[in-house]
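The values are calculated or read from the model by the stated rules, or taken from the named source; none is laboratory data. Please read all numbers here as calculations on a predicted model, not as lab measurements. Neighbour counts are summed over all protein chains in view; Cβ atoms, including those assigned to glycine, are modelled from backbone coordinates with ideal geometry. The protein model used for the area step is the full one, side chains on, heavy atoms only, and it has no ligands, DNA or RNA in it. Shrake-Rupley method; radii C 1.70, N 1.55, O 1.52, S 1.80 Å.
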Amino acid sequence: MGCHCSSSFLIALTPGAAATGNVDCRKVRQYFVPCAGYLFSRSAANPSVACCISLRRLNAQSKGPVRQGVCECLKSNAASLSGLNQNHASSLSSKCGISLKTAVSFNTDCRRA
């Protein structure tokens, strides 16, 4: 999957200069680049260490209104991705040991994030 997935991931997650609230969705997208192999895989059991480290950094920086903006970025980007393994996307935070207040899904209410 390697390079092909990363390329598809970057292209699909590039909604121009989209920003949600005070959050730049392009910057949020960069944190998920190391996770592309897992997010588009049908067989990978777990995300890579690099993926989890990157997501822990994003989580640590996402407080208050920023967390809501990150959530909205993720929802809008994920909805447009072809080939995204939704089960892997939903389990990513728990697989990386990141506890969230709300479940991760396309229907997540980001106001509760």
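Under the simplified labelling scheme, the ASN22-SER76 pair shows an inter-label distance of 1.7 nm, with each label point 7 Å from Cα along Cα→Cβ. Using bins of 5 Å that start at zero, the share of Cα-Cα pairs per bin across region 52-113 amounts to 4, 18, 28, 30, 17, 3, 0, in whole %.
Per the 1.4 Å probe, what fraction of the accessible area of region 25-113, in percent, lies on carbon and sulfur atoms? Carbon plus sulfur share of accessible area: 51 percent.
Residues of region 38-113: accessible area per residue at 1.4 Å, in Å²?
Result: 57 Å² of accessible area for each residue.
Among the trypsin sites (Lys or Arg not before Pro) found in region 20-113, those both in a DSSP coil and sparsely packed, with 10 or fewer other Cβ atoms within 10 Å of their Cβ, are ARG42, LYS63, LYS101.
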